[in-house]
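Colleague: One structure coming up, written as structure tokens, with questions to follow.
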């Protein structure tokens, strides 16, 4: 049964390779940029056939004889794999980012900070985990990690989380006394209104 499944998968992969080479070769007539765009959905189809097996999919690409086609697939391989099946934080690090845009900058820095924390706040460990990224994306992430802007972001984030924890702790500890004083205040208001009403009635008499 497994042998038959393996044979079928091999046939499907060979069919994908033949069709992909023809499609990408034809698209090169319109330029490398257009060919790169077409390569991405073709790679997603390959990842589907290999059940997102990185090594198996890469092996299929490496076996392609057409050098121009192979080169474009290899250029788009990591980027497309991460978008298709990689961690969400990796996806944030490979997108184009304008650090002058606060929303884009915060999204990028949040992703980088989570990865940094997951790697024991160790730059060497983080660098190793970023190997799956395209080289330009990895370089930018490591450069951002050592920037003053990221250091400020990290400090603000830590301070904010510390304050939230203290507020939650105070709210939990002061929960019952707070309600006690609310009821006391309500009683005082009602008593004051009652006294005022009695005085008004007595004055009328």
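The values are calculated or read from the model by the stated rules, or taken from the named source; none is laboratory data. Since this is a predicted model, take the numbers as computed values, not measurements. Every residue, glycine as well, gets a Cβ built from its backbone with ideal geometry; the counts of neighbours run over all protein chains shown.
Colleague: Residues that are farther than 29 Å from residue 61 by Cβ and touching a residue at least 12 places away in the same chain (Cβ under 8 Å): find the helices (runs of 4 or more DSSP H) completely inside region 80-154 holding 1 or more of those. Before you say what the answer is, go through the steps one by one.
Modeller: Numbers: elements: 88-94, 102-118, 123-129, 135-145.
Here the list reads 102-118, 123-129, 135-145.
Colleague: OK, next. Of all residues in region 45-61, count the ones that are within 13 Å of residue 17 (Cα to Cα) and in contact (Cβ under 8 Å) with a residue 12 or more places away in the chain.
Modeller: Residues in region 45-61 being within 13 Å of residue 17 (Cα to Cα) and in contact (Cβ under 8 Å) with a residue 12 or more places away in the chain: 9 in total.
Colleague: Kindly indicate which of 74, 58 is part of a helix (DSSP H, G or I), surrounded by fewer than 16 Cβ atoms within 10 Å (Cβ to Cβ) and not assigned by TED's automatic domain parsing to the domain that holds residue 138.
Modeller: 74
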